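What follows is a single structure, written as structure tokens, with notes after it.
The values are calculated or read from the model by the stated rules, or taken from the named source; none is laboratory data. Keep in mind the model is a prediction, meaning the values are calculated, not measured. Reconstructed Cβ throughout: ideal geometry from the backbone, glycine too, with neighbour counts over all protein chains shown.
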Amino acid sequence: MRLPISGLEVSFRLPNGHDDLALLEGGARESRNNRADLRSSEAQAATLECAIDALSRLAELRHASGESSGAAIKMSAWLTLTITDFESALLGLRAFLFGDTVRCVLRCACTERMEIDFSITHLLSEARPGMPGRVQPCATRPGWFELNQKDHQAGDWTIFRLPTVADQLFALRSPKPYELLAERCIDSGRPTRRATASAERAMESMSPTVSCPIHGVCAACGAALNRQLHVPSLVLDELRASAASMHDEVHAIAATYHWEESAILAMPQVRRLAYSDAIRQAGSR
Ligand SMILES: [Zn+2]
């Protein structure tokens, strides 16, 4: 797939046992460290780090043009992506592994349980970036943009850049995340609230939110239901669920065939599953 903002190409691969172990152990660490409050910003930062690790294992970033830099880009490159590109890549991985349709479970206050499906292709098509007319790339600072204000001479100018995954990580670990993001990404001659707000509006249309709320209506009582989608958590939860029985699978294969743990971990997840299914079926005969 091609990422909407950077134009970089991403390709994906199936997980093996080493990836599954890293995902499960990352998840265990995440919940141990954040037992007090799973919704705290520190917990979100830990989730983001696990998602970076998952992508750097299972996805590869390349320049779209066939130049010699067609070689894979390093892991740290994920940190330099915008949040829009990063979450698009995560959803691309999710679609590659489990398909385009995502099922969300919502629970109403009246206790009714509802399932809502959404399509990844559709969600990504809603988050297409666009450049507002008053914005142009900054000639003197690569990667920054200029927002045209009425009176440039009188200090009425604003330049900004799009927040990256690294900015998001810093912000989540700061006591004042919004102020920190604005400080890092917005530079203004006259740093008024209005200048910041118009830069933020431009940033939102150039790097739209992928993690949007999912809406539904309760079939039993008609109440409106909303759930905030959080793409990194969604994708990590599914990856971990598909890896959850790996210790049992490795145990069954090692006990039956006496293969080394390293050889079993190197297998793609699908092959490990196929062997452990065969062992289970032979045992139940
Ligand atoms: Zn209801």
Which residues, taken from the range 185-223, are in a loop (DSSP other than H, G, I, E, B), closer than 26 Å to residue 5 by Cα and not β-branched (Val, Ile, Thr)?
207, 208, 211, 212
Of 262, 242, which residue is modelled with pLDDT of 90 or more, under 26 Å from residue 120 (Cβ atoms) and among the small types (Gly, Ala, Ser)?
242
Criterion violated by residue 105 - all others in (1) part of a helix (DSSP H, G or I); (2) surrounded by fewer than 16 Cβ atoms within 10 Å (Cβ to Cβ) satisfied
(1)
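Before we move on, is residue 210 among the β-branched types (Val, Ile, Thr) and in contact (Cβ under 8 Å) with a residue 60 or more places away in the chain? Steps first, please.
On the way: among the β-branched types (Val, Ile, Thr): yes; in contact (Cβ under 8 Å) with a residue 60 or more places away in the chain: yes.
It is true that residue 210 is among the β-branched types (Val, Ile, Thr) and in contact (Cβ under 8 Å) with a residue 60 or more places away in the chain.
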Failed item in (1) at pLDDT 95 or above; (2) assigned by TED's automatic domain parsing to the domain that holds residue 198; (3) outside any loop (DSSP other than H, G, I, E, B), with residue 162 passing the rest
(3)
Are any residues in the range 165-219 hydrophobic (A, V, I, L, M, F, W, C), surrounded by 15 or more Cβ atoms within 10 Å (Cβ to Cβ) and more than 24 Å from residue 76 (Cα to Cα), and if so, which ones?
195, 199, 202, 214, 218
Test residue 248 against the criterion of being under 20 Å from the mean Cα position of the chain (by Cα) and without any contact (Cβ under 8 Å) to a residue 40 or more places away in the chain, and give yes or no.
no
Quick one: what pairs do we get from the range 213-241, first residue of a type in the set (A, V, I, L, M, F, W, C), second assigned to a helix (DSSP H, G or I) and within 16 Å of the ligand (Cβ to nearest atom), C-beta under 8 Å, 6+ apart or different chains?
none
Might you let me know whether the range 228-239 holds any residue that is touching a Phe, Trp or Tyr at 6+ places or on another chain (Cβ under 7 Å) and either in a helix (DSSP H, G or I) or at pLDDT below 90 (or both)?
yes
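Just to be sure before I move on: is residue 116 surrounded by 11 or more Cβ atoms within 10 Å (Cβ to Cβ), closer than 30 Å to residue 221 by Cα and touching a helix residue (DSSP H, G or I) at 6+ places or on another chain (Cβ under 6 Å) in the structure I sent?
no
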So, in the range 80-102, how many residues would count as being among the aliphatic types (A, V, I, L, M) and either surrounded by fewer than 17 Cβ atoms within 10 Å (Cβ to Cβ) or within 16 Å of the ligand (Cβ to nearest atom) (or both)?
0
Within the range 174-183, is even one residue part of a helix (DSSP H, G or I) and in contact with a strand residue (DSSP E or B) (Cβ under 8 Å, 6 or more places away or on another chain)?
no
For the range 201-232, give me each residue that is under 24 Å from residue 145 (Cα atoms) and either within 16 Å of the ligand (Cβ to nearest atom) or among the charged types (D, E, K, R) (or both).
201, 204
